[in-house]
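One structure is given here, and the rest of the page talks about it.
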Amino acid sequence: MLALSLACAACGGPDRIPPPATPAPAFREPSDAIPADLDFAVRIDLARIRAVLGESAFELLRKRSDVGGASGDPDTEQLIADALAQADTLWIALRPGEASRHSDSVTILKGRFEKLDPRAKAGAAVWGPPSDLGAGWRRFDRAKVPSRAAPARIYARADDVLVFVSTAPLDSVERRLEQGAEDSHLEPVEQGVLSVDARPRLLGRQLQSRAPTVGRLLAQAERLRLSADLHAQGLQAELELELAGESAAREVAESLGSLARAVKASDGLLPKLIEGLVVESVGPRVVLRLRLPPETLALLLRCAGGDSCD
């Protein structure tokens, strides 16, 4: 209603969404919006986290993750925060930069967004009028993008899917959604509370200045996959690194095993977190399995919230 009133005041007639000029987006599942040129993709089952850990723990994790924090304006950051509060599942695909403001991203949310209107929340001066793409899809383009990492476009399907796209991946996402292009893209598995699919070499190179051993090992891997789930017994996670061959996998597994033993012999929270870590090589893959019992998971959440980590 607000957008309609503004349009009437400006031009004396209703603000009509232009009809679609091309077929409706080829969209079977939310991960279809992930383009091929992004190197890291994570899927998070927000509804499950709320159900298992509670709303307060979920809110803490949301604030710590700072999704949308590089948008460059408070209204758009609030729009993303409001969308997260109504979302059941979140996908984030990234090309990590040295700093968050230099990262490229696509953020996909599935949930119930009946009352979310980008133009009403962030203002009609920020987001242009919607274009009708057909099949319930609308596209909002930003008049001026404040930073490379900020959302430059929003795709909305009816009231159940939102896709926020920063500047660099715009063409790739448009080819996938609007032109139906098929390409090989990252796709986190649809299981557990958390899953990751990544090409970790760029991330490994970026980490080498801060965590040389971990960065060097990630830079050798061709693919990284992670899945984690919450049970009454705590959190169980499995991480798989795909290497060039069996000898490379054995070498990386031995290095990770040595690193884990050194950490377990130290003080602090980290030794408690990796107490149940198992590392092994299986053919060209390195597999890490970790179990966090409920008391350790509770300690981690308290520590993340600013309480004592002891």
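The values are calculated or read from the model by the stated rules, or taken from the named source; none is laboratory data. Just so we're clear, the structure is a prediction, and the values are computed from it rather than from any experiment. Every residue, glycine as well, gets a Cβ built from its backbone with ideal geometry; the counts of neighbours run over all protein chains shown.
Observations on the model:
- Scanning segment 217-234 for residues being in contact with a Ser or Thr (Cβ under 9 Å, 6 or more places away or on another chain) and either over 17 Å from R250 (Cβ atoms) or not assigned by TED's automatic domain parsing to the domain that holds L292 (or both) gives a total of 5.
- Contacts under 6 angstrom Cβ, first residue in segment 248-264 being over 14 Å from V214 (Cα atoms), partner modelled with pLDDT under 95, 6 or more apart: K264/P271
- The residue that is nearest to E182 (Cα to Cα), counting only those in segment 1-50 that are β-branched (V, I, T) and modelled with pLDDT under 85, is T22.
- Complete set of residues in segment 30-51 that are more than 18 Å from R95 (Cβ to Cβ), part of a helix (DSSP H, G or I) and among the aliphatic types (A, V, I, L, M): L46, A47, I49, A51
- Which listed residue is in a loop (DSSP other than H, G, I, E, B) and out of contact with any Cys (no Cβ under 7 Å at 6 or more places or on another chain), from G204, G215, G192: G192
- Odd one out for A228 among (1) surrounded by 18 or more Cβ atoms within 10 Å (Cβ to Cβ); (2) touching a residue at least 40 places away in the same chain (Cβ under 8 Å); (3) farther than 20 Å from G257 by Cβ; (4) hydrophobic (A, V, I, L, M, F, W, C): (2)
- The condition of being more than 19 Å from A41 (Cα to Cα), modelled with pLDDT under 95 and not hydrophobic (A, V, I, L, M, F, W, C) holds for only one of P200, P212, that being P212.
- Search result, residues across segment 149-178 that are assigned to a loop (DSSP other than H, G, I, E, B) and either touching an Asp or Glu at 6+ places or on another chain (Cβ under 7 Å) or at pLDDT 90 or above (or both): A158, D159, D160, T167, A168, P169
- Residues in segment 104-139 that are over 20 Å from the mean Cα position of the chain (by Cα), crowded, with 16+ Cβ neighbours inside 10 Å, hydrophobic (A, V, I, L, M, F, W, C) and at pLDDT 85 or above: W127, L133, W137.
- Filter result for R101 (under 22 Å from the mean Cα position of the chain (by Cα), at pLDDT 85 or above and either more than 20 Å from A181 (Cα to Cα) or assigned to a helix (DSSP H, G or I) (or both)): no
- Residue in segment 204-227 that is within 30 Å of F113 (Cα to Cα) and in contact with a helix residue (DSSP H, G or I) (Cβ under 6 Å, 6 or more places away or on another chain) present: no
- Every test in (1) surrounded by fewer than 21 Cβ atoms within 10 Å (Cβ to Cβ); (2) assigned by TED's automatic domain parsing to the domain that holds S103 is passed by A150 save one, and that test is (1).
- Residue satisfying condition, being closer than 30 Å to L133 by Cβ, under 20 Å from the mean Cα position of the chain (by Cα) and modelled with pLDDT of 95 or more, within set S195, S184: S195
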